[in-house]
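J.: Structure incoming, see below.
Every number in this text was worked out from the coordinates using simple rules, so none of it is lab data. Remember, it's a predicted structure, so these values are computed and weren't measured experimentally. Glycine gets a Cβ as well: all are built from the backbone with ideal geometry, and neighbour counts include every protein chain shown.
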Amino acid sequence: YAWYGTPQFDGEYRHWNHAVLEPDGSGSGVTYPGGDDIGSNFYPRSGCYSSNDPETVARHCFEIRLAGAGVICVSWWGQGSFSDKAVPGILDAAWRHGLKVDFHIEPFEGRTAETTREAIEYILDSYGDHPAFYRTDRFGIKPMFFVYDSYLIGAEDWKTILAPGGGNTIRGTRYDSNVIGLLVDEKDLDSILDGGFDGCYTYFAIDGFTWGSTTKNWADISEWSTDNGKIFIPCIGPGYDDTRIRPWNAANIRDRDRGEYYYAMFVETHKIQPPFIGITSFNEWHEGTQIEPASAKSIEGFRYLDYAPLPHDFYLHKTRSLFSNYKYTFSH
């Protein structure tokens, strides 16, 4: 997530000063100030940082590489957005650390199927020639884009840009890509198929939160994907706790259990042997899914969670251990 800002680099805190949200997603009027008091149940070991700080970006790429990941999927909120401005620095740092970069296209203002096509064009025209830009060689040598909340747009609209015969299709053009839609409900499988998506991903690190993120459904989803020539990318995470910004959401807390929750989700992916596995997340601090190092910290009236008694960088090494074994098994 490249949405973090500090006064030193960006003139203000961004995202560290997250608002407390109502169940409908609107702000409650309460906002964390940033600094020592942030919108997260955990506190980063490095303190509040800017996604535009070259030292921070270099450290992140080092840590992601240490974790054994190969591709950074950058949350992207549209042309000229704060996250877009961070992309050149991320690409350069990723290249220096032997990583690739692809894009998680968020519901930016005015997003439609047509403006998503324009976004793909912009990203490829702007960044596609960078040596760190990711193209998969497993499903055609193509870029890969993830479309968050893709279900907000109907399949009839998606097929205009994703189906071979669509009125403004990317197929057979220089912008042709593997476009992966979000799988929330079982009915979304029809939308993935009818809309012309190349596959689906589950995103959420909460086993049981959605039909797609419920691990007991993954074998069926994997079989469906194989039968329909689609890519299935299950996503796993170390835990979940967003109650500092969504205090009404305690039912969805998933305790880390000293790494056991993470391991259990990984085991479910291992059973189906998907070609890709997503990790949610490296640094989504608001929802407590991060594997980035955290530190113990207390402020007046609140004590942040941390990874104790495990070391601050436990989840980086745990990720590397899990996926080193997986890559060996998959390659054989």
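J.: If you take the beta carbon distance between Ile253 and Glu55 as r and set R0 to 22 Å, what does 1/(1 + (r/R0)^6) give as a FRET efficiency, to the nearest 0.05? Before the final figure, lay out the partial values.
T.: Numbers: r = 33 Å, r/R0 = 1.50.
E(calc), rounded to 0.05, equals 0.10.
J.: Using just the helices of the chain, give the 222 nm mean residue ellipticity in deg cm²/dmol: DSSP H runs with n ≥ 4 each add -39,500 (n - 2.57), and the total is spread over all residues, rounded to 500.
T.: Mean residue ellipticity, 222 nm, calculated: -9500 deg cm²/dmol.
J.: Taking every pair of alpha-carbon atoms in the chain, what share in percent sits in each 10 Å bin, from 0 to the bin with the longest distance?
T.: The distribution over the chain is 6, 25, 36, 26, 7, 0, 0, given as percents.
J.: Kirkwood Rh over alpha-carbon pairs of the range 31-164, then Stokes-Einstein at 20 °C and 1.002 mPa s: what D in µm² s⁻¹, rounded to an integer?
T.: Calculated translational D: 130 µm²/s.
J.: Please work out whether the range 190-332 counts as rounded, prolate or oblate from its C-alpha gyration tensor, where a ≥ b ≥ c are the square roots of the eigenvalues and a/c under 1.5 means rounded, while otherwise a/b larger than b/c means prolate and anything else oblate?
T.: Working: a/c = 2.69, a/b = 1.58, b/c = 1.70.
Oblate.
J.: Something else now. Cross-link candidates for Lys159: which lysines have Cα within less than 27 Å, leaving aside residues fewer than 8 places away along the same chain?
T.: Counting by Cα, and skipping residues close in sequence, Lys159 has these lysines nearby: Lys142, Lys187, Lys230.
J.: Scan the chain and note any complete DSSP helix (H) whose C-alpha atoms cover at least 15 Å along its axis and whose Kyte-Doolittle average is 0.0 or more. Can you show the working numbers first?
T.: On the way: long enough: 54-66 (18 Å, -0.15); 82-96 (23 Å, 0.11); 113-127 (21 Å, -0.46); 260-272 (19 Å, -0.27); 314-331 (26 Å, -0.59).
Qualifying helices, which must be both long enough and hydrophobic enough, are 82-96.
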